[in-house]
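Working notes, structure below.
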Amino acid sequence: MAELVKIVGETADPILARELARRTAPPAPPEAAPETLATADLLKRLPGRHDLILAVARRLSVETGDFQPASLRTFEMMAESVATRAVPAPVLIDCRRQALGPKAGHRGKVLVAAWKREAHLRR
């Protein structure tokens, strides 16, 4: 570390200066656990975050009351599509809104139907 400080002081190399700043910066504050976030916030964080796929799938399963293995796999596929940025997060947020509406009889089926209708339109 001392050698890096010396070299940055002598050369003012911007790449080495950024590396020095990265190494000496305080650690980032811990992120809130997915279980503590509201669903909309969790879905907004999903793009690029493959570690949240299962948390989102479980949350969708609980909110829709659909615990069938096939439904859980479908929810995982939806979350993966958003995590890989194949489908924008607002599409899944809107599909969830439709599934949780007051007129939705079987929320899991409504979510899947809305996803099939909306996701292919936005790709």
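The values are calculated or read from the model by the stated rules, or taken from the named source; none is laboratory data. Everything quoted here is computed from the prediction, not taken from an experiment. Here Cβ is always computed from backbone atoms with ideal geometry, including for glycine, and neighbour counts include all displayed protein chains. Side chains are part of the model used for accessible areas, which takes the heavy atoms of the whole protein and leaves out ligands, DNA and RNA. Shrake-Rupley method; radii C 1.70, N 1.55, O 1.52, S 1.80 Å.
Pairs are defined by a Cβ separation below 8 Å, a sequence spacing of at least 6 or placement on different chains, a first member in the stretch 23-36 that is under 20 Å from ARG49 (Cα atoms), and a second member that is open to solvent by less than 90 Å² (accessible area, probe 1.4 Å) and of a type in the set (Gly, Ala, Ser); the pairs so defined are PRO34/ALA55; GLU35/ALA55.
Within the stretch 23-71, the only residue that satisfies the criterion of being in contact with a Leu (Cβ under 7 Å, 6 or more places away or on another chain) and not in a helix (DSSP H, G or I) is LEU46. Identify, by number, the condition in (1) in contact (Cβ under 8 Å) with a residue 12 or more places away in the chain; (2) part of a loop (DSSP other than H, G, I, E, B); (3) exposed (fewer than 14 other Cβ atoms within 10 Å of the Cβ); (4) acidic (Asp, Glu) that GLU19 doesn't meet. GLU19 satisfies every listed condition except (2). Of the residues making up the stretch 11-51, those that are touching a helix residue (DSSP H, G or I) at 6+ places or on another chain (Cβ under 8 Å) and among the small types (Gly, Ala, Ser) are ALA17, ALA40, GLY48.
Residues considered: VAL87, VAL8. Of these, the only one that is open to solvent by less than 50 Å² (accessible area, probe 1.4 Å) and under 18 Å from ARG117 (Cα atoms) is VAL87.
Residues are listed down the side, and each one gets a yes or a no for (1) modelled with pLDDT of 95 or more; (2) among the hydrophobic types (A, V, I, L, M, F, W, C); (3) in contact with a His (Cβ under 7 Å, 6 or more places away or on another chain):
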{"position": "PRO34", "(1), (2), (3)": "no, no, no"}
{"position": "ILE53", "(1), (2), (3)": "yes, yes, no"}
{"position": "ARG59", "(1), (2), (3)": "yes, no, no"}
{"position": "LYS103", "(1), (2), (3)": "no, no, no"}
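Of all residues assigned to the stretch 41-51, none qualifies as being small (Gly, Ala, Ser), farther than 23 Å from ALA104 by Cα and open to solvent by 80 Å² or more (accessible area, probe 1.4 Å).
Here's the yes/no breakdown for (1) within 18 Å of HIS120 (Cβ to Cβ); (2) of a type in the set (S, T, N, Q):
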{"position": "PRO34", "(1), (2)": "no, no"}
{"position": "ALA38", "(1), (2)": "no, no"}
{"position": "SER61", "(1), (2)": "no, yes"}
{"position": "ARG96", "(1), (2)": "yes, no"}
{"position": "PRO102", "(1), (2)": "no, no"}
